[in-house]
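The values are calculated or read from the model by the stated rules, or taken from the named source; none is laboratory data. What you see is a predicted model; the values in this text were computed from it and never measured. Heads up, the Cβs are rebuilt from the backbone with ideal geometry, glycines too, and the neighbour counts pull from every protein chain shown. To get the accessible areas, we keep the full protein, side chains included, count just its heavy atoms, and leave off ligands, DNA and RNA. Shrake-Rupley method; radii C 1.70, N 1.55, O 1.52, S 1.80 Å.
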Amino acid sequence: QVQLVESGGGLVQPGGSLRLSCAASTSISRIVPMGWYRQAPGKQRELVAVITSGGSTNYADSVKGRFTISRDNGKNTVYLQMNSLKPEDTAVYYCYGKRSIIDYWGQGTQVTVSS
């Protein structure tokens, strides 16, 4: 069983920055890939960013150039640095990880971008 716990969400003004963290209860070297999804009210959950064990990354077009995903295997933590935030980035952000054939999700953290 893997537990993923997100933190770092909150209220930020447009153009601001936030860094989300996802702490895993076990070594993330065996959780591949790991990533971040988000779900806005009335919309489907969508992929934001994903990272492999080797550090390869992939991003949704809507966040390319603004968001950066990274992982620290020593701390069993994955991060999402979000810059130049826009109101349309408002959503609940979920950490995701896959180990073997099982998908794991965090409980979500709210990000609200508003003036």
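Key figures for this structure:
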{"read-out": "Check on GLN44, under 18 Å from SER114 (Cβ atoms) and at pLDDT 95 or above", "value": "no"}
{"read-out": "For PRO33: the one exception among (1) closer than 17 Å to SER70 by Cβ; (2) in contact (Cβ under 8 Å) with a residue 60 or more places away in the chain; (3) out of contact with any Lys or Arg (no Cβ under 9 Å at 6 or more places or on another chain)", "value": "(3)"}
{"read-out": "Qualifying residues in region 1-22 (those that are under 11 Å from the mean Cα position of the chain (by Cα) and of a type in the set (Gly, Ala, Ser)) - the one most open to solvent (accessible area, probe 1.4 Å)", "value": "SER7"}
{"read-out": "Pairs where the first residue, in region 60-86, is modelled with pLDDT of 95 or more and the second is of a type in the set (A, V, I, L, M) and open to solvent by 50 Å² or more (accessible area, probe 1.4 Å), C-beta under 7 Å, 6+ apart", "value": "ALA60/LEU47"}
{"read-out": "Exclusive hit being surrounded by 15 or more Cβ atoms within 10 Å (Cβ to Cβ), within 16 Å of GLY9 (Cβ to Cβ) and either of a type outside the set (S, T, N, Q) or touching a Lys or Arg at 6+ places or on another chain (Cβ under 9 Å) (or both), set TYR96, TYR59, TYR104", "value": "TYR96"}
{"read-out": "Flag for LYS43 being closer than 18 Å to SER84 by Cβ, open to solvent by 30 Å² or more (accessible area, probe 1.4 Å) and more than 13 Å from the chain's Cα centre (by Cα)", "value": "no"}
{"read-out": "Residue among VAL92, VAL111 that is of a type in the set (A, V, I, L, M, F, W, C), assigned to a strand (DSSP E or B) and under 12 Å from TRP36 (Cα atoms)", "value": "VAL92"}
{"read-out": "Residue within region 76-83 that is open to solvent by 70 Å² or more (accessible area, probe 1.4 Å) and on the phi < 0 side of the Ramachandran plot present", "value": "no"}
